[in-house]
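Any read-out appearing in this document is the output of simple, stated calculations on the displayed coordinates, not a laboratory observation. From a predicted model like this one, the values you see are computed outputs, not experimental measurements. Note that each Cβ is placed from the backbone with ideal geometry, even for glycine, and that neighbours are counted across all protein chains shown.
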Amino acid sequence: MKLVLEPIPVTEEILLNLENRGIINRICPGHDPLSVQLGESKFDTVYQTDAKWGPHKLICVTINKAEPVNFLFHSDREDFMLIDFEDTAPLVLTMCLHSKDILNDKIQSGTLSEQDFISIICAKNHLFFSFFTMNPYFAHVETCLSESDKPPSFYVSEPRDLDENLIDLGKYTLEINRH
């Protein structure tokens with residue numbers, strides 16, 4: 001017997017129904033936001049897979065701090081999905097343009113400069129700019145352009161036990177210019 005199915009346009013109601021039935025988990029603005037105070041950032045695991053299929057997890061991160069502390073790198077990749085409401089504070093991602101070994105050499109030799117970094121105001125919900133992978137050993141930190149009662153949130157898909165390796169900047173400090 002042939003079963004003929006008629007495709008229909010997707011709606012929020014359809015997706016909510018599928019989610020309520022346990023068929024899907026939506027990844028969309030406001031679905032998994034975390035409550036944060038000014039000057040605070042948090043993350044929480046949305047899900048993680050069974051280890052027998054390979055350890056993996058999806059986390060939701062909410063950033064409400066404007067100072068770039070906790071500059072760190074990971075030893076494996078992480079996928080960023082910048083999905084958020086349009087009226088949240090802008091998310092800023094600051095990255096070193098060199099891998100951790102070159103970064104540490106520059107710190108030790110006193111040759112680190114602004115040209116060794118890039119700080120971008122991220123685009124949320126953009127088809128080409130909002131989804132990317134951070135490669136291993138590149139130090140980075142997420143901040144918001146300003147602390148807000150509507151802080152930015154985003155998703156990260158990463159290995160379940162991904163390490164966090166803080167960079168000791170020594171005599172250097174990072175600051176985000178907010179003209």
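Set the Förster radius R0 to 22 Å, insert the Cβ-Cβ distance between residue 72 and residue 127 as r into 1/(1 + (r/R0)^6), and round the FRET efficiency to 0.05. Calculated transfer efficiency: 0.15.
Scoring 141-152, 93-104, 35-46 by mean Cβ neighbours within 10 Å over their residues and listing the highest first yields 141-152, 93-104, 35-46.
Relative contact order of the chain, please, whole-number percent, based on alpha carbon pairs below 8 angstrom and at least 6 residues apart.
Details: 340 pairs, mean separation 55.9, N = 179.
RCO, the chain: 31 percent.
Placing dummy labels 7 Å off each Cα toward the beta-carbon, the span from residue 102 to residue 161 is 3.1 nm.
Maximal additional length on extending the residue 2-residue 28 stretch stands at 5.8 nm, based on 0.36 nm per residue less the C-alpha distance. Close amide H contacts of residue 117 (hydrogens built in the peptide plane, cut-off under 5 Å, sequence separation of 5 or more or a different chain): 97. Between residue 147 and 66, the built amide H atoms are under 5 Å apart, and every one of these is 5 or more places off in sequence or on another chain. Legend: residue pairs 65/171; 65/124; 57/106; 57/124, Cα-Cα distance threshold 25 Å; pairs beyond threshold, 57/106. Helix 100-109 and the longest principal axis of the Cα set of the chain meet at an angle near 20°.
Considering helices alone, the calculated mean residue ellipticity of the chain at 222 nm is -3000 deg cm²/dmol, with DSSP H runs of length four and up weighted by -39500 (n - 2.57) and normalised per residue. Residue by residue, the stretch 120-127 carries 3J(HN,Hα) couplings of 10, 7, 6, 9, 9, 6, 9, 3 Hz when phi is fed to the Karplus relation 6.51 cos²θ - 1.76 cosθ + 1.60 (θ = phi - 60°); x denotes Gly or Pro.
Report, please, the projected area of the stretch 31-166 averaged over directions, based on the convex hull of its C-alpha atoms, in nm².
On the way: hull surface 35.0 nm².
Value for the stretch 31-166: 8.7 nm².
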